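Engineer: One structure is given below, represented as structure tokens, and several questions about it will come after.
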């Protein structure tokens, strides 16, 4: 497979050097609450909370390693933003950070090259997905955070169980919620999508060797188009980055088909609203799609994404597994020809499905409709406590 490596940029290196110096010269007020973003994809998780914080006169600083991050464009007297490129200055920024709190969606803190600061910093983790903590991530992926804003009760149960089993210090776990689902719910109500023939199917799998696209994507696309569906292909950006030939082969065969659309922007929203059903594997997109849009999911049963081979030690079934039968159906890659009949059955009674999802959502998500306010309030409270103790 072809792989594309990020090239070194002297301009980015020297810009990052100047930005780290500028950050260190900020007043302590602007280093009370600091956000870090690995890429612009994080902005839609941070934006509403940041805006809420600065609207309440809290000062916020935003650091990103993506020059195209929309967070660099926000202008407000209570807000500062800086680009710090991946590599030397990013590592240095983390190692010598002077701040009260750092809020991030990046897992595996202190495990790889990005370490906790030598200075006292309170690390706050904000989930960028609703899935579980103990199967698709390393067993210690969340061990080095001080506070974690949890989307639902499953994450609290998993983290507490690991703390108990491994005799770890108890973290500050906040019943936060998940704004992504709330935003999808609001937008779906505004758009009022109605199912119509031919159905529009969104194929948006995760990435890696066990992705739908890598295992059976080409064949599945052909089956769906032959069945008369409109098909939107939205690959994960890592697939386009690491194995672009997988996508290129599909586009070579089906790119000119009148019912085929290729979406190459990971943050695309239109395809979510335009589609009637999602086909997925182990991507957390399926959780957001079903709970936020009240639409069903067909899961292709490729091998599980497992980074923690010891995940069964907790004795808790991961949400990625348990939710599948709640929001859709599961289909073996060996039986792809059954996909059209399953899709039609899943879409046969949308009103009943929406009622089921509404009840499920109340059980799985904290603070529906109020997560932004809760998140901003809790981050501000943590930052105030840390500053008082300093």
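Engineer: Please compute the modelled spin-label separation between residue 352 and residue 186, points set 7 Å along Cα→Cβ, answer in nm with one decimal.
Structural biologist: Going from the residue 186 label point to the residue 352 one covers 3.3 nm.
Engineer: Same structure again: Which one of 217, 315, 177 has the biggest mean-square fluctuation once the chain is modelled by GNM with Cα springs under 10 Å?
Structural biologist: Maximum among the listed residues: 315.
Engineer: Additional query: So how far, in whole Å, is the C-alpha centre of the stretch 313-348 from the one of the stretch 133-191?
Structural biologist: 23
Engineer: Moving on. Calculated FRET efficiency, residue 194 and residue 67, Cβ-Cβ r, R0 30 Å, to nearest 0.05?
Structural biologist: 0.15
Engineer: Which residue, 171, 59, 252, has the most motion in a Gaussian network model of the chain that connects Cα atoms within less than 10 Å?
Structural biologist: 252
Engineer: Further, regarding this structure: Calculate how steeply helix 212-226 sits against the longest principal axis of the alpha-carbon atoms of the chain, using the helix alpha-carbon long axis, and give the answer as 0 to 90 degrees to the nearest 10.
Structural biologist: Rounded to the nearest ten degrees, it is 40.
Engineer: Under 10 Å, Cα contacts only: if you run a Gaussian network model on the chain, which one of 244, 258, 153 comes out with the highest mean-square fluctuation?
Structural biologist: Between 244, 258, 153, it is 258 that shows the largest mean-square fluctuation.
Engineer: Provide the descending list of Cα extents for the stretch 183-364 along its principal axes, expressed in whole angstroms.
Structural biologist: Answer, in whole Å and largest first: 44, 42, 30 Å.
Engineer: Something else now. Note the angle between two axes, namely the Cα long axis of helix 244-254 and the longest principal axis of the Cα atoms of the chain, as a number of degrees from 0 to 90, rounded to the nearest 10.
Structural biologist: 30
Engineer: In addition: If I fit a long axis through the Cα atoms of helix 350-364 and take the longest principal axis of the Cα atoms of the chain, what angle between them do I get, 0 to 90°, rounded to 10?
Structural biologist: 30
Engineer: Helix-derived [θ] at 222 nm for the chain: sum -39500 (n - 2.57) over DSSP H runs of at least 4, divide by residue count, nearest 500? Intermediate results must be reported in sequence, preceding the final value.
Structural biologist: Values: 15 runs with 159 residues, N = 390.
Mean residue ellipticity, 222 nm, calculated: -12000 deg cm²/dmol.
Engineer: Where both residues lie in the chain, what percent of DSSP beta bridges are antiparallel, nearest 5? Spell out each step's value before the answer.
Structural biologist: On the way: 0 of 41 bridges.
Around 0 percent antiparallel, to the nearest 5.
Engineer: Now for a separate question. With contacts defined as alpha carbon pairs under 8 Å and 6 or more residues apart, what's the relative contact order of the chain in percent?
Structural biologist: Normalised by residue count, the contact order of the chain is 18 percent.
Engineer: First check a/c for the stretch 1-97, with a ≥ b ≥ c the square roots of the eigenvalues of its C-alpha gyration tensor; if it is under 1.5, answer rounded, and if not, answer prolate when a/b is larger than b/c or oblate otherwise.
Structural biologist: oblate
Engineer: Just rank 30, 8, 35, fewest to most, by other beta-carbon atoms within 10 angstrom. All intermediate terms of the calculation are to be shown ahead of the outcome.
Structural biologist: Details: 30 17, 8 10, 35 26.
Lowest to highest Cβ neighbour count: 8, 30, 35.
Engineer: Sort the stretch 214-304 into rounded, prolate or oblate with this rule: let a ≥ b ≥ c be the square roots of the eigenvalues of the Cα gyration tensor; rounded if a/c is under 1.5, and if a/c is not under 1.5, prolate when a/b is larger than b/c, oblate otherwise.
Structural biologist: It is rounded, given that a/c, with a ≥ b ≥ c, falls under 1.5.
Engineer: Tell me whether the stretch 24-75 comes out rounded, prolate or oblate; compute the Cα gyration tensor, take square roots of the eigenvalues as a ≥ b ≥ c, and use a/c under 1.5 as the rounded threshold.
Structural biologist: Oblate shape, in that a/c is at least 1.5 and b/c is the bigger or equal ratio.
Engineer: Normalised by the residues of the stretch 183-364, what does the relative contact order come to in percent, with Cα pairs under 8 Å and at least six apart?
Structural biologist: Relative CO of the stretch 183-364 lands at 24 percent.
Engineer: Compute the distance in nm between two label points, each set 7 Å from the Cα along the Cα-to-Cβ direction, one at residue 312 and one at residue 337.
Structural biologist: Each label point is offset 7 Å from its Cα along the Cβ direction, giving 3.4 nm.
Read the figures in this text as sums done on the coordinates, not as results from a lab. Here the structure is a predicted model, which means the values were calculated and not measured. For neighbour counting, all protein chains shown are included, and Cβ atoms are generated from backbone atoms with ideal geometry for every residue, glycine included.
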